[in-house]
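Novice: Got a structure for you, questions after.
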Amino acid sequence: AIKYGDETLWSHEGGFKLSLANNLRLNGAAYYYDYKNYQSFLFTGVAGLVVNADARTYGAELSLQANPMPGLDLALAASAFNAKVKDVPLRVAGPIRRDVKPTYAPETQISGMVRYGWDAFGGELAVKGDASYSSSYFYNLRNFDADKYPGYFLLNLGIGWTSASKAFELGIDVDNVTNRKIGIQGFD
């Protein structure tokens, strides 16, 4: 019942993987996407529909992984993203159109992880922590202030034991230690 056209994507991406030392790896990529008839979901009034609009996206990702000593794993990753959906109507068949950001597309994301494991109780005992940051993003293609979720920071912690055969695992994880509420879907 909701009519929309085929989406076409020209994707250009380049990257690298480097082993800088025995225990240090660096990976990176940059990309450019050119969409014709990008399929965008738009809430308008009390209904949702798919609109076709040209779009372009470019960005870069970088990750670093290290094992500086036995049992210690470190990881850090970051991405930067810039996107535009062109000439989107603010309401169906309305006269006002503008360029907007796509939905659920934060411009910056950063994550990190630390894990340390050691021999204990006939297996491996490990503690871990990971953190992530995401910049703000829109949940509706119109990009009104009411359709925007703020950026957030998450912290997760855990401890676990794995048997030597790796057949058994026991663990306790505490996700979202900071008790941060994150927007998933909204309705204006």
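Novice: Starting from residues that are among the small types (Gly, Ala, Ser), in a strand (DSSP E or B) and modelled with pLDDT under 80, keep the ones in the range 28-49 and report whichever is surrounded by the fewest Cβ atoms within 10 Å (Cβ to Cβ).
Specialist: ALA47
Novice: Can you find, within the range 74-101, the residue that is most open to solvent (accessible area, probe 1.4 Å) among those that are over 20 Å from TYR133 (Cβ atoms) and under 22 Å from the mean Cα position of the chain (by Cα)?
Specialist: That would be LYS84.
Novice: Still on this structure, I have one more. Take ALA66 and tell me if it is surrounded by 15 or more Cβ atoms within 10 Å (Cβ to Cβ) and either over 30 Å from TYR32 (Cα atoms) or not β-branched (Val, Ile, Thr) (or both). Even if it seems obvious, please write down each step before you answer.
Specialist: Details: surrounded by 15 or more Cβ atoms within 10 Å (Cβ to Cβ): yes; either over 30 Å from TYR32 (Cα atoms) or not β-branched (Val, Ile, Thr) (or both): yes.
Taking the combined requirement at face value, the residue satisfies it.
Novice: How many residues are at pLDDT 95 or above and open to solvent by less than 30 Å² (accessible area, probe 1.4 Å) when one looks only at the range 132-153?
Specialist: Here the count works out to 2.
The values are calculated or read from the model by the stated rules, or taken from the named source; none is laboratory data. Bear in mind that the values here come from a model prediction, so they are computed numbers and not experimental data. So basically every Cβ, Gly included, is an ideal-geometry build from the backbone, and we count neighbours across all protein chains shown. With ligands, DNA and RNA removed, areas are computed over all heavy atoms of the protein, side chains included. Shrake-Rupley method; radii C 1.70, N 1.55, O 1.52, S 1.80 Å.
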